[in-house]
Amino acid sequence: MQTHRPSSHALSFAEVWNALGTVLARVPSAKGLHSGQEILHRWRDQGIEVGTDRGWDLLPKEWFQSVWQALREKGILAAEAFPHPAQSRSEAIASILSLLPWVDYTVHPRITLFLVDRPFTNTELCETFDVDPIKGIRYSGSATAPRLVVFITGARDDGKRSHPYHDRWENGYLYYTGEGLTGDQTLTRGNLVLYTNRELDFPVYGFQREGKNRYTYLGRFKVVDVRQESQPDQTGHTRQVYVFQMQPLADKPLPILHQAIAAQAAPDLAAICQAFGTALKESHLAFGPRHDQVVRSFVVSLATKPFVILTGLSGSGKTQIALQFGAWFGEGRYKLVPVRPDWTGPEALLGYEDALLPVSAGRRAWFVPEALEFMLRAARDPDNPYLLILDEMNLAHVERYFADVLSGMESGEPVLPNLQRDPDGHWRTIPDQPSKIPFPKNLFIVGTVNVDETTYMFSPKVLDRANTIEFRVATEDLDPEIRKPRKVQPGDPALVRGFLAIATDTDWHLRNPNPHRSAFVEHLRNLHRLLAEGGFEFGHRVFYEAVRFAALLAAAGDPDPEHALDLQVMQKVLPRLHGSRRRLEATLCALGRFCFDLTATPQATDTGAPIFDPLRPPPGTPKLPLSFAKVQRMTRTLRANQFTSFTE
């Protein structure tokens, strides 16, 4: 059982670095994880000095920061995958970081660090510890000479037990039932491995099964006793089993510097939305009766996926809400970049080597546009969120200038030139480092869109990767007391950091699902069937992001699955629809029917039954009012012009 500790995703590197100083003051040396050689260490502001029989070396602070950033992004990080140049001293760095209470490690089959609050998949368990993929007791090596053992339990602190294994917690010990589903258990294989742990000193890692293909780390254990009990087997017959009394090894103490942090609540998305919504009103930017819903949809969309498109009426507040959210992040953490019609390639965002600029030490100078300079600043400050706003995004062909950035956001592969500004004022690649770095996880992009004869359509490839939010101005929104907006003040750092922690935690929605997830998922699947009739069905990406959106929307204060579905149809499904009347009309009619009846099935056209007409709806209120209103507008445009799109 683990003591409460702050989430590793909520920690800035500054906090981690100070924690290392506290830990190293208490623990003046550590053994190399693989070699076993004693490593002396001394914490300094600029790095950590390590001493061996060869003398003292200073490991720069930046090396630890790069490793911590990679570990926080991946959750599991082998020493051989440490970023260069930290990889050259990987064992020393791993040994020091393993002293932190948020980190544990294994040395077999390779030195690997992992975050203790990061859930594992079954594949990750097998690859990290080199163990069998299907047993409850999994070991590496032989049963008589194990290198390590991983055991999986269904027992919880609340006393619930898994059948047929009656694992349980009592007085701080885990009583763990050995392996064998039927009949009397024997002291072989995994049971023998745990039995020998009473005398032999090899690591025992405990995991809690949390549903299909999800295992949370409980910590390390030591077997202190073994006894036999009578328990029912899988068929209900009484049999003799081995029960291992497992003692959790003491958690590494939280550094004193972080006792206040440990007591803080988890990031609160509802508080984040409320704080930002209030800040908008105080800055004279309000969205009428639907202000809170608009703010919540925008914040949740950006936390779901770091790319959001804002479209709609000119002067409706699209650019302003993006600017204000960037200002809420903090001074210098947002950038507005107007898109130009002559942007025809990735150089507009990612720059290029400029042959007319001077060469230094064999390194060519680069032309660095303001967007790239901003992205590099975000990459160098991973503990804070940054917002890049691409204004009038469709004045140029989006696919031509944005494809590389979009690919980097999705794949995590290196895409940004790894540049620094040299003393002569020119940008060049950094010596002895990779030429490209991944797209920063802490960088969010908002694109604003207006539609007229000078702009271009978005391809489904782009729309598929974003939430598209339409801004409209209702008559009741027009306020005679309206004022010119002013810049909001930076938000509470804890809330700003909390937003980043949620947005960069790709499994957050799995630990905090929408309370009505099963109903939401069933509606999504039914929607998929309807869309498939016209060839407009969505894929795994849209499904994943919709489920994540619903969970985040619930955390932001709106758990209604129909509200989440309404927003996702409006923001993810309808933007992908454009074309002729022959191609679209049947699909729009089916969607209109779905907005009233979430159980609607594909409607055959040869049965004689009337086809649902969105412009002649049945009495009553649709279950998805936002989506239905949009379906009506698109249908009206389709019949008038024989063509329609989301932007009408």
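What's the number of the condition K436 fails, among (1) in contact (Cβ under 8 Å) with a residue 24 or more places away in the chain; (2) surrounded by 14 or more Cβ atoms within 10 Å (Cβ to Cβ)?
K436 satisfies all of (1) in contact (Cβ under 8 Å) with a residue 24 or more places away in the chain; (2) surrounded by 14 or more Cβ atoms within 10 Å (Cβ to Cβ) except (1).
Of the conditions (1) more than 19 Å from Q433 (Cα to Cα); (2) out of contact with any Ser or Thr (no Cβ under 8 Å at 6 or more places or on another chain); (3) in contact (Cβ under 8 Å) with a residue 60 or more places away in the chain; (4) open to solvent by 10 Å² or more (accessible area, probe 1.4 Å), Q69 clears all except one; give me its number.
All conditions pass for Q69, except number (1).
Report yes if some residue within the range 348-355 is in contact (Cβ under 8 Å) with a residue 40 or more places away in the chain and either assigned to a loop (DSSP other than H, G, I, E, B) or loosely packed, with under 15 Cβ neighbours inside 10 Å (or both); otherwise report no.
Among the residues of the range 348-355, at least one is in contact (Cβ under 8 Å) with a residue 40 or more places away in the chain and either assigned to a loop (DSSP other than H, G, I, E, B) or loosely packed, with under 15 Cβ neighbours inside 10 Å (or both), which makes the answer yes.
Between a residue in the range 92-116 that is surrounded by fewer than 20 Cβ atoms within 10 Å (Cβ to Cβ) and any residue that is in a strand (DSSP E or B) and basic (K, R), which pairs come within a Cβ distance under 9 Å, given they are 6 or more apart or on different chains?
Pairs found: D104/R220; V107/R147; H108/R147; P109/R147.
Here are the criteria: (1) open to solvent by 10 Å² or more (accessible area, probe 1.4 Å); (2) out of contact with any Lys or Arg (no Cβ under 6 Å at 6 or more places or on another chain); (3) among the charged types (D, E, K, R); (4) assigned to a helix (DSSP H, G or I). Tell me which single one K572 does not satisfy.
If we test K572 against (1) open to solvent by 10 Å² or more (accessible area, probe 1.4 Å); (2) out of contact with any Lys or Arg (no Cβ under 6 Å at 6 or more places or on another chain); (3) among the charged types (D, E, K, R); (4) assigned to a helix (DSSP H, G or I), just (1) comes out false.
Might you let me know whether the range 25-48 holds any residue that is out of contact with any strand residue (DSSP E or B) (no Cβ under 8 Å at 6 or more places or on another chain), open to solvent by 60 Å² or more (accessible area, probe 1.4 Å) and part of a helix (DSSP H, G or I)?
Scanning the range 25-48, I find at least one residue that is out of contact with any strand residue (DSSP E or B) (no Cβ under 8 Å at 6 or more places or on another chain), open to solvent by 60 Å² or more (accessible area, probe 1.4 Å) and part of a helix (DSSP H, G or I), so the answer is yes.
Confirm whether F276 is in a helix (DSSP H, G or I) and farther than 24 Å from G557 by Cα.
When the stated conditions are applied, F276 does not pass them.
With open to solvent by 40 Å² or more (accessible area, probe 1.4 Å), touching a residue at least 40 places away in the same chain (Cβ under 8 Å) and within 30 Å of P382 (Cβ to Cβ) as the only criterion, which of A556, A494, A551 stands out?
Answer to the selection: A494.
So V451 passes all but one of these: (1) farther than 20 Å from T468 by Cβ; (2) in contact with an Asp or Glu (Cβ under 9 Å, 6 or more places away or on another chain); (3) of a type outside the set (S, T, Y); (4) in a loop (DSSP other than H, G, I, E, B). Which condition number does it fail?
With (1) farther than 20 Å from T468 by Cβ; (2) in contact with an Asp or Glu (Cβ under 9 Å, 6 or more places away or on another chain); (3) of a type outside the set (S, T, Y); (4) in a loop (DSSP other than H, G, I, E, B) applied to V451, the lone miss is (1).
What number goes with the only condition from (1) modelled with pLDDT of 85 or more; (2) more than 22 Å from Y139 (Cβ to Cβ); (3) crowded, with 18+ Cβ neighbours inside 10 Å that L254 does not pass?
The single condition L254 does not satisfy is (1).
For the range 169-215, enumerate the residues that are in a helix (DSSP H, G or I), within 14 Å of D225 (Cβ to Cβ) and not polar (S, T, N, Q).
Answer for the range 169-215, where residues must be in a helix (DSSP H, G or I), within 14 Å of D225 (Cβ to Cβ) and not polar (S, T, N, Q): L194, Y195.
For the range 397-426, give me each residue that is among the acidic types (D, E), open to solvent by less than 60 Å² (accessible area, probe 1.4 Å) and either touching a strand residue (DSSP E or B) at 6+ places or on another chain (Cβ under 7 Å) or at positive phi (or both).
Within the range 397-426, just D422 meets the criteria.
Of all residues in the range 293-338, count the ones that are in a loop (DSSP other than H, G, I, E, B), of a type outside the set (G, A, S) and in contact (Cβ under 8 Å) with a residue 60 or more places away in the chain.
Total satisfying the criteria: 4.
For the range 630-648, name all the residues that are assigned to a helix (DSSP H, G or I), surrounded by 15 or more Cβ atoms within 10 Å (Cβ to Cβ) and among the hydrophobic types (A, V, I, L, M, F, W, C).
Correct list: V631, M634, L638.
Looking only at the range 362-382, filter to residues that are open to solvent by 20 Å² or more (accessible area, probe 1.4 Å) and outside any helix (DSSP H, G or I); which one of those is farthest from V496 (Cα to Cα)?
So, considering only residues that are open to solvent by 20 Å² or more (accessible area, probe 1.4 Å) and outside any helix (DSSP H, G or I), the one farthest from V496 (Cα to Cα) is G362.
Could you tell me whether R548 is closer than 21 Å to Y215 by Cα, at pLDDT 95 or above and either among the aromatic types (F, W, Y) or under 23 Å from the mean Cα position of the chain (by Cα) (or both)?
In short, yes.
It is to be established whether one or more residues within the range 479-487 are closer than 20 Å to G312 by Cβ, open to solvent by 20 Å² or more (accessible area, probe 1.4 Å), in contact with a helix residue (DSSP H, G or I) (Cβ under 9 Å, 6 or more places away or on another chain) and of a type outside the set (K, R).
For the range 479-487, residues closer than 20 Å to G312 by Cβ, open to solvent by 20 Å² or more (accessible area, probe 1.4 Å), in contact with a helix residue (DSSP H, G or I) (Cβ under 9 Å, 6 or more places away or on another chain) and of a type outside the set (K, R): present.
Answer yes if at least one residue in the range 609-624 is closer than 30 Å to H509 by Cβ, open to solvent by 10 Å² or more (accessible area, probe 1.4 Å), out of contact with any Asp or Glu (no Cβ under 8 Å at 6 or more places or on another chain) and not β-branched (V, I, T), and no otherwise.
For the range 609-624, residues closer than 30 Å to H509 by Cβ, open to solvent by 10 Å² or more (accessible area, probe 1.4 Å), out of contact with any Asp or Glu (no Cβ under 8 Å at 6 or more places or on another chain) and not β-branched (V, I, T): present.
The values are calculated or read from the model by the stated rules, or taken from the named source; none is laboratory data. All values derive from a computational prediction rather than experimental measurement. When we count neighbours, we look across all protein chains shown, and the Cβ atoms used for this are built from the backbone with ideal geometry, even at glycine. For the accessible areas, the whole protein counts, side chains as well, though only heavy atoms, and no ligand, DNA or RNA atoms are used. Shrake-Rupley method; radii C 1.70, N 1.55, O 1.52, S 1.80 Å.
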